[in-house]
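Heads up: the structure comes next, in structure tokens.
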Amino acid sequence: MARSLTAAGLSLCFIMNYVMAFSGKQSSRKQLQAIVLILVLILQVYLCFTMRIQLDEPTYSALGYRFATGTQMFVDEWHISQMFGFLTMPFVWLFMHVTGSTDGVVLLLRFCYLIMSLVTLYLFMKKYGSYPNAFLSGIMILLFAPLDMMSLSYNTIGIHALLQAHCLKDTGKGRSFLAGILFSCAVLSTPYLVILFVGLFIFGIIHWKQWTDEKRSNSLLFLAGIALMVVLFCIFVFRHASLSEVINGLMHLPERNQNHFSTHNPILLMGYRFARGGWQSFGPFIFLQFAAMIIALISHNQKAQKICNLLGIASVVYFIVREVINFDFAAVSNLYLPLALVAFPFMLKEERKPLKILYFLFLLDSFFFGYSSNLGLSSFSQALVVSDAAVLLAGNEKVSKWAALVMVALTIVLHINFVPAKEGTVLAQGPMKGIRVPDSYADAYTQTVSFLQAADKVTDSKQYFLVTDSGWQHMLMRNHSSLNFSTFQDTVSKEEYIELFNENLRQKKPDRFLLIFSNTYQNLQLEDLDLSGYTVTPLADRIYLLVRTISG
């Protein structure tokens, strides 16, 4: 029933997009745009309550909770992607103080993401609304959710904050200041963007004398916005930690995140990830398309460009057929890669500066995503949704109109994967309260919530270490402080996890704490851990009290 209703809504959305794209009258087009936006919003709100809960999503709110309850960034938290938690923390903190609990906080961040996406659409239309297909391109950005997760995360904030900053910069004094703040949010989510900042700073110094007074004023306010965020971030980081502790934590991040951090040559690493992910998603077509794109770029041959275009279509068709056959849309973002490759030669020649900047800005951002993530091509291609939007704005109006319609339609159709196949159960408590899930998930979730609520009532110690594969579970331990080295539970090996646990224990040296085994994560047992120097007392099923017996 749920899928039928969703499919009907999506079909109606597609028809309205089609009519709107080819409507001649301006007044009719605006009315249709309003109807399409309403339909899309209904779909997005529905998805907030029903879309699948993936392993990483609750961890985003858990990280905000962790920092809101006193965890020291870089010192206590060891995950490489932790800085964006500074941005989700205020939402979680405010929610906890208003409601008195963390029940429903995951749903909150979904709606926060939806609001952020709508702001992006508004700013995008303000800047590019005069271009043909601007609305369809904006809807495509609104619909797309990086890695199929509609939540505030380093992926979503990294893309939307950068696009909002791009739309606001140099459009007024207050807006330029806000653009600096948003750019800082993008850097906190995608730290490699600091390279872009350095480039912009050097460019500004070189061209300072040629700029108008207004341009200089806006640039200084942009820097002021960045400076404000730097000050606030430093206050947060150093409020309970010394400089030496923070530096030590930063220095150890690479070795503690070997599945994320890479010391390999960026070009070789990206080439490998492109080759592996490209073959899995597009078969041989994407490589033939890439070769044709290079030939078109070097030779300026129109025939080579046409071949590149045809191979791009073949890549998309292969991708869609493969995904439908497997009924697994785990790499939806890869849909945007073929169009980005097709456009590269003519976007180099694009004379309209705003579109050229938009395309290459997010092409660069996609490289930063791809290099910093361990997810390969699906991470690299996330930011390409914005690059594709620039392509659709820049292309031949008639051809681009059809391309925009197809891209939006495919983005909508792929949304079906967000909706669980069964009606399921609406969760009534805990961080995921209000979200509908399959019955099997609801049963396991309810059992875990009950177990941890009981564990939170144990008063033998105020500190705990939770062995779990789900970061959201920390948000149920409201009366205790966490000793975990991270709320992120990456797919590290059992041996790596034990090594991190032992290092964490040696560094923090707690006098007494609760060791709680929430589930069978990595099949870890009590005897797997190095607990020398502690007496171990069982308190309840899977709950142990550890008391330190030696000092130093």
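Computed quantities for the displayed model
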| read-out | value |
| --- | --- |
| Tabulated pairs, the range 433-461, first within 22 Å of ILE516 (Cβ to Cβ), second at pLDDT 90 or above and loosely packed, with under 14 Cβ neighbours inside 10 Å, C-beta under 7 angstrom, 6+ apart or interchain | ASP456/ASN479 |
| Residues that are polar (S, T, N, Q) and open to solvent by 50 Å² or more (accessible area, probe 1.4 Å), drawn from the range 210-235 | GLN210, THR212 |
| Positions within the range 347-366 being of a type outside the set (A, V, I, L, M) and surrounded by fewer than 16 Cβ atoms within 10 Å (Cβ to Cβ), in sequence order | LYS349, GLU351, ARG352, LYS353 |
| Residues that are free of Cβ contacts under 8 Å to residues at least 24 places away in the same chain and either among the hydroxyl-bearing types (Ser, Thr, Tyr) or within 29 Å of SER176 (Cα to Cα) (or both), drawn from the range 100-120 | ILE115 |
| Yes/no for VAL45 being among the aliphatic types (A, V, I, L, M), over 25 Å from VAL386 (Cα atoms) and part of a helix (DSSP H, G or I) | no |
| Residues that are in a helix (DSSP H, G or I), small (Gly, Ala, Ser) and open to solvent by less than 20 Å² (accessible area, probe 1.4 Å), drawn from the range 443-476 | ALA455, GLY471 |
| Residues located in the range 185-199, provided they are among the hydrophobic types (A, V, I, L, M, F, W, C) and either loosely packed, with under 15 Cβ neighbours inside 10 Å or more than 15 Å from LEU168 (Cβ to Cβ) (or both) | VAL187, LEU188, LEU193, VAL194, ILE195, LEU196, PHE197, VAL198 |
| Residue selected from the range 387-422 under the condition modelled with pLDDT under 70 and in a loop (DSSP other than H, G, I, E, B), by the criterion farthest from ALA62 (Cα to Cα) | ASN396 |
| Test for ASN484: is it more than 25 Å from VAL75 (Cβ to Cβ), modelled with pLDDT under 90, polar (S, T, N, Q) and not in a helix (DSSP H, G or I) | no |
| Breaking point among (1) out of contact with any helix residue (DSSP H, G or I) (no Cβ under 7 Å at 6 or more places or on another chain); (2) at pLDDT 85 or above; (3) within 20 Å of SER153 (Cβ to Cβ); (4) hydrophobic (A, V, I, L, M, F, W, C), for LEU384 | (1) |
| SER532 vs. criteria open to solvent by 60 Å² or more (accessible area, probe 1.4 Å), among the hydroxyl-bearing types (Ser, Thr, Tyr), assigned to a loop (DSSP other than H, G, I, E, B) and free of Cβ contacts under 8 Å to residues at least 40 places away in the same chain | yes |
| Members of the range 73-103 that are surrounded by fewer than 19 Cβ atoms within 10 Å (Cβ to Cβ) and either touching a Leu at 6+ places or on another chain (Cβ under 6 Å) or assigned to a loop (DSSP other than H, G, I, E, B) (or both) | VAL75, GLY100, SER101 |
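The values are calculated or read from the model by the stated rules, or taken from the named source; none is laboratory data. Since the structure is predicted, the reported quantities are computational estimates derived from the model, not experimental observations. Note that we place each Cβ from the backbone using ideal geometry, even for glycine, and neighbour counts take in every protein chain shown. The accessibility values were calculated without ligands, DNA or RNA, using every heavy atom of the protein model including side chains. Shrake-Rupley method; radii C 1.70, N 1.55, O 1.52, S 1.80 Å.
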